[in-house]
Amino acid sequence: QVQLVESGGGLAQAGGSLRLSCATSVNIETIATMAWYRQAPGKQRELVARISNIGYTNYADSVRGRFTISRDNAKNAAYLQMNSLKPADTAVYYCNAVGIEATGYWGQGTRVTVSS
């Protein structure tokens, strides 16, 4: 069973940076894919960034070039470095993990607010 705990959300100014962390309860080697999603008020939850167990990444067009996803196997954690933040990035951000057996897990979410 996998549990995910996000941290690092908060308030940032436009153009600023935040770093989100996702701690896993198990050896991250059992996780095939780590991802970050976000959901703004009144909007559908959307994929922000994804990283595979071999380091392949992909990003939403809206964040490509500004956000970087990474994973640290030694710490059983994943991260989302968010640079050049925009007010449109305001949302609750959720960590997502897919195990090597294709079972999915979600964190509780961490709120990001970007002011102009």
Q) When you scan segment 64-85, how many residues do you find that are open to solvent by 50 Å² or more (accessible area, probe 1.4 Å), touching a helix residue (DSSP H, G or I) at 6+ places or on another chain (Cβ under 7 Å) and part of a loop (DSSP other than H, G, I, E, B)? A) 0
Q.
Restricting to segment 26-40, give me the number of residues that are assigned to a loop (DSSP other than H, G, I, E, B) and either surrounded by fewer than 13 Cβ atoms within 10 Å (Cβ to Cβ) or in contact with a helix residue (DSSP H, G or I) (Cβ under 6 Å, 6 or more places away or on another chain) (or both).
A. 1
Q: Mind listing whichever residues of segment 41-63 are part of a loop (DSSP other than H, G, I, E, B) and surrounded by 12 or more Cβ atoms within 10 Å (Cβ to Cβ)?
A: Arg45, Asn53, Ala60, Ser62, Val63
Q.
Being open to solvent by 30 Å² or more (accessible area, probe 1.4 Å) and in a helix (DSSP H, G or I) is true for just one of Ala102, Ala88. Which residue is that?
A. Ala88
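The values are calculated or read from the model by the stated rules, or taken from the named source; none is laboratory data. Owing to the predicted nature of the structure, the values given are computational and were not obtained by experimental measurement. All Cβ positions, even for glycine, are placed from backbone atoms using ideal geometry, and neighbour counts span all protein chains on display. Just the protein is used for accessible areas: all its heavy atoms, side chains included, with ligands, DNA and RNA removed. Shrake-Rupley method; radii C 1.70, N 1.55, O 1.52, S 1.80 Å.
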